[in-house]
Amino acid sequence: MRLPTVSILFLASALSSSVAHQNNNMIRSIANRHSQPLVAFAAHSISSSGTRTTAGRLPFSLMVRPMASTATEEGEKETEELKWSTDKVRSTFVDFFASSPRDHTIQPSSPSAPLNDPTLLFANAGMNQFKPIFLGQTDPNSPLASLKRATNSQKCIRAGGKHNDLEDVGRDTYHHTFFEMLGSWSFGDYFKKEAVDYAWELLVDVYGLQEDRLYATYFGGDEKLGLEPDLEAKEYWEKYLPADRVLACDAKDNFWEMGDTGPCGPCSEIHYDRIGNRDASALVNADDPDVIEIWNIVFIQFNRDENGLASLPSKHIDTGMGLERLVSILQDKTSNYDIDAFAPIFRKIEEHSKVGPYGGLVLEDDTTLRDTAYRAIADHARALSFALADGAVPNNEGRGYVLRRILRRATRYGQQILKAEPGFFATLIPVVVDTFGEAYPELVKNQDTILEIVKEEEEAFSTMLDRGIKFFTELESELKEEGKKQVTGDKAFFLYDTLGFPIDLTELMAEEAGLTVDSDGFTNEMEAQKQRSRDARAKAKGGGTKRLEFIAEQTAWLAENGVKATDDSSKYAWDVETAASIKAVFGTDGFLEEGSSVGSGETVGIVLDKSSFYAEAGGQEADLGTLVIQSEDGDVVGKFIVMDVQTYGGFLLHTGTIEEGEIKVGASVKCKVDYDRRRDVAPNHSMTHVLNAALREVLGDGVEQRGSLCNDEKLRFDFSHKKAMTAKQLRQTEEIVAKSIADAEQVTSEVMPLAEAQEIDGVRAVFGEVYPDPVRVVSVGSDTSVEFCGGTHVSNTAEAEAFVLVEETAVAKGIRRITGVTKGAAIEAIAEGKKFVEIVSSAEELSADTPELDKKAGAMRKDLDAAFMSAPLKAELRARIEAIQKKGIAAKKAALAGRVDQVLKTVKEDISAAVAEGKRALVLNVDICADSKAAQKVMNDVKSVAPDMAFMGLSEEEAGSGGKLMCFAVVPDSLVADGFKADAWVRAALESCGGRGGGKPGSAQGQAQECSDVDAVIAVANEFANESVGATA
């Protein structure tokens, strides 16, 4: 609903002095609730003497309502200085917490797409990067380990997974897929009192929010959880707020949990009443758009496991406040999309819109969906820009598919609703970069890459969009004509599988058309495609055995019981047997009590005081081996097979099975690492470093590592690159790595302060990875490679013996994967390559008229494809084999052409003889090597020489081979009229040898894959013809 300006002015002038205060509030409420520009006005009242006076002027920001002004008008207003721009609100928050006496460390935002955390599609909260602290899994040498207080503005995306706002974006004025979360944290430092004090000081004293508009909630207790009300938080808030604005809420609103298990605790929310001068306590947490939550302060003090809740040894503070929502309050906008950060994006959208500027309408008022489209497109442009800048790419799996859905949703809104031309969406990217690039320089750095990906994705979908919209529109009409209201699962799957419409986009379009979608039917259609990926996900490490791991409760238990972090300093040593003592034994039921033991066949995790085992990290698989259990006298009394080693907060957990004897806390063991296996792992890791450097030399500095795997069989390296590498590039890369091995370069390591290491010229680090301080720096040669790395390596590249790049393939859009091998596997691959070089060279010497040269080349190609050998060599040999195959095919075609001429001459003679004998049908075995073009020539000649005769030709691909047999037939109209049909004739003939055929009554064809008796087929064909017309060959 929108009121005319005159109505607002009338209301303003009609105020009476007796209700001036209340009416001022009413005007403010009307101004805030209606999406329309309002002129500045003074709220007047009538004095007791009858003269008109000003009853109290509202703040100008409340008297001017720019919500529904066009993007152009907003642009003109941008010349006016904003007191609280988005950039200023963000920097003020961070500066407040970083300054004395609060002294929080400014921790940069982690990537919105956490490439190194497979448990998250996207960063959906500021605390994500601090999970290791909350879970007690922080490496003691990590910078996080010493962190006591932190603050930042975190890039967040909530689309897909548990936190998914995608479907709501555009429909209202406050949902986003991308947003910024202002956050502050305390890790075992200050707690509730300081958190409340800081929040109040920032909101009221710094940002200047009105105290009488603020409300605070606290956890009201939960009998089922066995938790009392958080009266401590309530007491702290009542220092600042009256008791009636400090509200108790249930666990649903005021008890935060990371997941089904893990750290958790009560929280306290701060809510803001946009209208003010009233009691809005009943509207808190009631989904009222004018009473909104702006800040959540979580008191992390418990840990949940299968046994319930237990207090944490260290208590933490985790706060989060949506930047856009706070800015909307400070700029007096009831819509997040009306703040300054969105204005330039809206202006750019307006340039492309053919249905007018943004009007601010929502829900049922937005009948054309124009304003819904503006909001969704602007939001999606931000989400994609940030996600792509952080290294994510659109594809058909996981976060990549979510990004593809977001882009296609925006494209559909723009082209169908706003009537924008294809390609409009890519033009928004530079606007997003200009708007946010100063705060987030990665946008500027990666702008070209973002644009390239968006353009490619938008263009690909635009080619299908018109077809999809046309299909859906026709389907909508069809359903409504039939009185149906549901899009069937198979139709939704067709839109998804053939036209690239994600199911949520189909559901959105269906909702707009007043229809629903059979989601279950769609899911059933998807089942076959998803089966393989489900099976893959279901396979857990260790054959499906429950993986043992530590979280905060376990690491805290170890610390409380005097267990120190495992000394793994000997993990870089070779051929040592480190003597150690068992400090803890952990199983599915928890820690083993002192004095108890577990026996043969049990799978448990063991914590030692010292260990020479390398724990899985940095893409390198863990060491395997044995813990030899010893008696007090040093005798061997048992054996524990180590199958996995992981590190949690400095504690190494050796997981495996007791093969002999028993184990208990305090027992002595000797660590016997399988060094033979490690000698196969180490060269693969070292050559991964050289490969990384080689790729940058061949492809350029744009190459960034996106993942790796090093084990005893191979090395695998994922990297950013926009297209497949050429055979030449692969060859160059392989040669660079091989040369490093041939040059026998020294591989050295040095531990140094992180800041010092970061200054090393040319040093490489993995994007998004958190490195310890001090950090280990591994160097290959004098200048071949320098990387931060904690893995095990060879001492000289010559130990790798050889290197072969066996595969290069795509992982996702813009991400390539190389697989390589070293040592024995590489030597075998080189030998296999040499063998194929000889085979191909010999084949190249064969003359073109060598019988079946093309088939021999085809068989050679299949063998080559299956061979384990150098990928660049395979590409080169494949090209040479294709040349041999083409040579053979060309010779065969030339021979066939001469043969066909002879065959045609013979066929004409046979047909003429049959006509002279008065025959009406003829079946011949023609020697044209089952060539379809030659068969067509034969049929054309038959029609020319004997237009009234039925003719069938049979031709073997290779005479007398018993292989493929082709059959073709032509029947004149006069015989078709008598019931003699070519398609039935072909089917009958081929049925005798398991073949199939079809066509029309006048012309048909077919084939059998195998036929050992062509004469029998001819007999069947003659019999059919005789029965049909009584005249055969």
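The values are calculated or read from the model by the stated rules, or taken from the named source; none is laboratory data. Being a predicted model, the structure only gives us computed values, none of them experimental. With ideal geometry, Cβ positions are generated from the backbone for all residues, glycine too; neighbour counts draw on all protein chains shown. Ligands, DNA and RNA are excluded from the accessible area calculation, which covers all protein heavy atoms including side chains. Shrake-Rupley method; radii C 1.70, N 1.55, O 1.52, S 1.80 Å.
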Rounded if a/c is under 1.5, else prolate if a/b beats b/c, else oblate: with a ≥ b ≥ c from the C-alpha gyration tensor eigenvalues square-rooted, which is segment 552-673? rounded
Using 0.36 nm times the number of residues separating Ala755 and Asp212, minus their current alpha carbon distance, what extension gain do you get? 190.7 nm
With N set to the residue count of segment 676-902, report its C-alpha Rg divided by 2.2 N^0.38 Å to two decimal places. 1.27
Identify all lysines with a Cα-Cα distance to Lys491 below 30 Å; exclude those on the same chain that are fewer than 8 residues away in sequence. Lys162, Lys419, Lys455, Lys470, Lys480, Lys530, Lys813
Accessible area per residue for segment 919-1031 in Å², computed with a 1.4 Å probe and the full protein assembly in place, what is it? 46
Just how many % of Cα pairs in segment 86-331 lie over 23 Å apart, if you round to the nearest whole percent? 50
With no solvent and one point on each alpha carbon, what is the Debye value of log10 I(q)/I(0) for the chain at q = 0.04, 0.05, 0.09 Å⁻¹? -0.32, -0.49, -1.16
Take the alpha carbon gyration tensor of segment 672-735, find the square roots of its eigenvalues, order them as a ≥ b ≥ c, and report rounded if a/c is under 1.5; if not, report prolate when a/b exceeds b/c, else oblate. prolate
Over all distinct Cα pairs, what is the inverse of the mean 1/r for segment 435-489, reported as the Kirkwood hydrodynamic radius in Å? 14.6
Each residue of segment 641-654 in turn: what ³J(HN,Hα) in whole Hz from Karplus with 6.51, -1.76, 1.60 and θ = phi - 60°, glycine and Pro shown as x? 8, 7, 10, 6, 9, 10, 10, 9, x, x, 9, 8, 9, 8
To the nearest whole percent, what portion of all C-alpha pairs in segment 957-1021 is separated by more than 14 angstrom? 53
Output wanted: per-residue J couplings in Hz (rounded whole) for segment 820-828, from phi through Karplus 6.51 cos²θ - 1.76 cosθ + 1.60, θ = phi - 60°, x for Gly and Pro. x, 9, 10, 6, x, 4, 5, 4, 5
Of the listed pairs Lys856/Lys905; Lys862/Lys887; Lys728/Lys855, which have alpha-carbon separations greater than 26 Å here? Lys856/Lys905; Lys728/Lys855
So what are the ³J(HN,Hα) numbers for segment 890-896, from phi and the Karplus equation (6.51, -1.76, 1.60; θ = phi - 60°), rounded to whole Hz, Gly and Pro as x? 4, 5, 5, 5, 5, 5, 5
Residues with amide H under 5 Å of Val517's amide H, sequence separation 5 or more or different chain, H placed in the peptide plane at 1.01 Å from N; which? Val487
Bins of 5 Å from zero: percent of alpha-carbon pairs in segment 764-872: 2, 9, 13, 14, 14, 14, 10, 8, 6, 4, 3, 2, 1, 0, 0
Excluding Asp212 itself, calculate the net charge of residues whose Cβ lies under 11 Å from the Cβ of Asp212, where each Lys or Arg counts +1 and each Asp or Glu counts -1. 0
What lysines could a cross-link reach from Lys670, if we take a straight Cα to Cα line under 23 Å and drop same-chain neighbours fewer than 8 places away? Lys564, Lys571, Lys583, Lys610, Lys639
Of the accessible area of segment 342-484, with the probe set at 1.4 angstrom, what percent is carbon plus sulfur? 50
Based on Cα coordinates alone, diagonalise the gyration tensor for segment 692-804, multiply each eigenvalue by 5, take square roots, and list the semi-axes in whole Å, largest first. 23, 18, 13
For segment 300-366, the Cα convex hull volume per residue in Å³ comes to 190
Can you spot the aspartates and glutamates whose alpha carbon is less than 13 Å from Lys83's alpha carbon? Ignore those fewer than 8 places along the same chain. Asp332, Asp340
Peptides 125-138, 882-895 ordered by average Cβ neighbours within 10 Å, highest first: 125-138, 882-895
Cysteines in the chain that, by Cβ-Cβ distance, have no pairing candidate under 4.7 Å: Cys156, Cys249, Cys264, Cys267, Cys671, Cys710, Cys789, Cys929, Cys967
Considering only the other residues whose Cβ falls under 12 Å of the Cβ of Asn296, what net charge follows from Lys and Arg at +1 and Asp and Glu at -1? -3
Taking the alpha-carbon set of segment 610-683, what are its Rg and Dmax in Å? 12.8, 40
Along the principal axes of its C-alpha atoms, what lengths does segment 330-458 span, in descending order and rounded to whole Å? 38, 33, 26
Beta carbons within 10 angstrom, averaged per residue: use that to sort the peptides 854-864, 501-511, highest first. 501-511, 854-864
Provide the gained length on full extension for the span Ile469 to Gln729, in nm with one decimal, where the gain is 0.36 nm per separating residue minus the Cα-Cα distance. 89.4 nm
Per DSSP H run of n ≥ 4, the term is -39500 (n - 2.57); total these for the chain, divide by its residue number, and report the mean residue ellipticity at 222 nm rounded to 500 deg cm²/dmol. -12000 deg cm²/dmol
Debye log10 I(q)/I(0) for segment 96-217, one point scatterer per Cα, at q = 0.19 Å⁻¹: -1.18
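Please report the antiparallel percentage of DSSP beta bridges with both residues in segment 785-877, rounded to the nearest 5.
100
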Please sort 731-740, 392-401 by packing, taking for each peptide the average over its residues of neighbouring beta carbons within 10 angstrom, highest first. 731-740, 392-401
Antiparallel as a % of all DSSP beta bridges within the chain, to the nearest 5? 90
Other residues with Cβ under 14 Å from the Cβ of Leu652 give, with Lys and Arg +1 and Asp and Glu -1, a net charge of -4
At Ile106 and Glu844, where each label point lies 7 Å from the Cα along Cα→Cβ, what is the point-to-point distance in nanometres? 6.2
Pair-distance profile P(r), taking every C-alpha pair of segment 919-1031, with 10 angstrom steps and integer %: 16, 53, 28, 3
